[in-house]
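Data block below; observations after.
Nothing in this text is a laboratory measurement; each read-out follows from the coordinates by a stated rule. Quantities reported herein were computed from a predicted structural model and do not represent experimental measurements. Note that we place each Cβ from the backbone using ideal geometry, even for glycine, and neighbour counts take in every protein chain shown.
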Ligand code: SAM
Ligand code: SF4
């Protein structure tokens, strides 16, 4: 956290983040940029001079939640007119000046590539003007900025390795709100991870919309840009980060089924500290729906990738994203999703009903013709199926001993701690002698569909302290 008592800190910033991990990671970049300009973060909105909301546009209900929140701040401004309220991220980029001019909900709008401009934008608001910067960039990766960690846990951190997306899945607004795909200099990534490790962090999650297409000094056509410099692909980057320390766990998200290579799987298999967990969103189990979604793979291709994971990283946990009720989805196509879920038996899934987003390919090309009732009924079926699979996956862990990285007190009781296994299962266990950031061996004794419960059988001494 920023030290709010530092003499250079003169103003208080309250940051609230919605949506994906990338947004939470971006908020840490924003906190860093503003800390250089005299802002300390606060968790108490009452004492804030500037409120920034980092937003998500992925589904309509995500936007509605933010609008409600912005209305709260509009009321707050009545008693504190000098309060600056700004909107960042995907909604800022999508709606541009609308929230500012038409709805008059905010003073400041900054898109995902405009955060370096925030000190100037806040100053502009101070002179009575409304401030907007929604320019998207082909280069900006904030590579040189050391994020200010806002989580306070000090164990696990997100590290953004690329920005934007070139995929154009027909349902998705991300390519419009986050711009073109670009990768971050690998040396700055390794430096950030090394710095985190030295500060006591024991886990990094490398973030990108499609991490498998990470490339440095390689063009989109696969050609080397500068033959005198080394190139780096995602499998190589994973190994570089894993080599920071065997005590640093490495995770990554999100993998795309069309791009996930065996080299990535081999890197996982040969490094104990690259966690055996892959999030591989399928979206639908029907090849015809996948074609309409413009996902660029078929059901068979996806199942072959699952087979490759099972072959190369046998103990790997797999999770997914599913959308129900996409344009034209028939009952048969929906059943193909259910049967694919049975074929894979995911350990975990994020499941959504389709929400049409303005400007996307699907909005332009197809009718959003599945009723809300059918979308929701199909979603319930998918969720029910997944609950069964999650429970079965957790039950298989009972009786095993798992290496767990302690994160902190469990949500329900201070007498218990929680942490994750390499396979990303949450484990709750009695406090005993353990502390956050330590590895412990836990014997799993019971479970629900969401959590494992166990007893500590061994504390692992760190080699690096
Ligand atoms: N880049 C990742 C990928 O390709 O899977 C994740 C992108 S998105 C932030 C996370 C998930 O939101 C997607 O995998 C998809 O399941 C869901 N999603 C995206 N657009 C949606 C929409 N219009 N309606 C419902 N769910 C959507
Ligand atoms: Fe959206 Fe597809 Fe890009 Fe993921 S890969 S962010 S779903 S366009």
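Overview of results
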| read-out | value |
| --- | --- |
| Label-point separation, residue 103 to residue 199 (7 Å along Cα→Cβ), nm | 3.4 nm |
| Stokes-Einstein D in µm²/s, Kirkwood radius over Cα pairs - the chain at 25 °C with 0.890 mPa s viscosity | 104 µm²/s |
| Equivalent-ellipsoid semi-axes of region 1-159, from the Cα gyration tensor, Å, largest first | 21, 19, 16 |
| Relative contact order for the chain, counting Cα pairs under 8 Å that sit 6 or more residues apart, in percent | 10 percent |
| Gain upon complete extension [residue 135, residue 338; 0.36 nm per residue less C-alpha separation] | 68.9 nm |
| Cα-projected label distance for residue 36 with residue 187, points at 7 Å along beta-carbon direction, nm | 1.9 nm |
| Overall form of region 197-302 per C-alpha gyration tensor (a/c, 1.5; a/b vs b/c) | oblate |
| Fraction of antiparallel bridges per DSSP, region 299-421 only, in percent to nearest 5 | 45 percent |
| Region 37-155: relative contact order as a whole-number percent, Cα under 8 Å and 6+ apart | 20 percent |
| Cα centroid of region 300-360 to Cα centroid of region 150-182, whole Å | 21 Å |
| Quarter of the Cα convex hull surface for region 336-406, i.e. its orientation-mean projected area (nm²) | 7.5 nm² |
| Computed label-point distance, nm, for sites residue 261 and residue 431 using a 7 Å Cα→Cβ extension | 4.8 nm |
| Bins of 5 Å, starting at 0 and running to the largest distance - Cα pair percent for region 251-328 | 3, 15, 27, 23, 14, 9, 5, 2, 0 |
| Length-normalised contact order for region 311-365 - Cα pairs under 8 Å, 6+ apart - percent | 48 percent |
| Computed lengthening from residue 441 to residue 287, 0.36 nm per intervening residue step minus Cα-Cα distance | 51.2 nm |
| FRET efficiency estimate (nearest 0.05) - Cβ-Cβ, residue 367 to residue 220, R0 25 angstrom | 0.15 |
| Rg(Cα) / (2.2 N^0.38 Å) computed for region 414-465, rounded to two decimals | 1.11 |
| Over the chain: helical MRE at 222 nm, DSSP H runs n ≥ 4 each giving -39500 (n - 2.57), nearest 500 | -10000 deg cm²/dmol |
| Near-label residues of region 34-54 by backbone N, under 15 Å of a point 7 Å along Cα→Cβ of residue 75 | 46 |
| Tensor-based shape of region 79-171 (alpha-carbon gyration tensor, a/c under 1.5 rounded, otherwise prolate or oblate) | oblate |
| Three-way shape label, region 159-243, alpha-carbon gyration tensor, a/c 1.5 | oblate |
| Potential extension, residue 462-residue 64 segment - 0.36 nm per residue separation minus Cα distance | 138.7 nm |
| Kirkwood Rh, angstrom, region 290-429 [1 / mean 1/r, Cα pairs] | 17.4 Å |
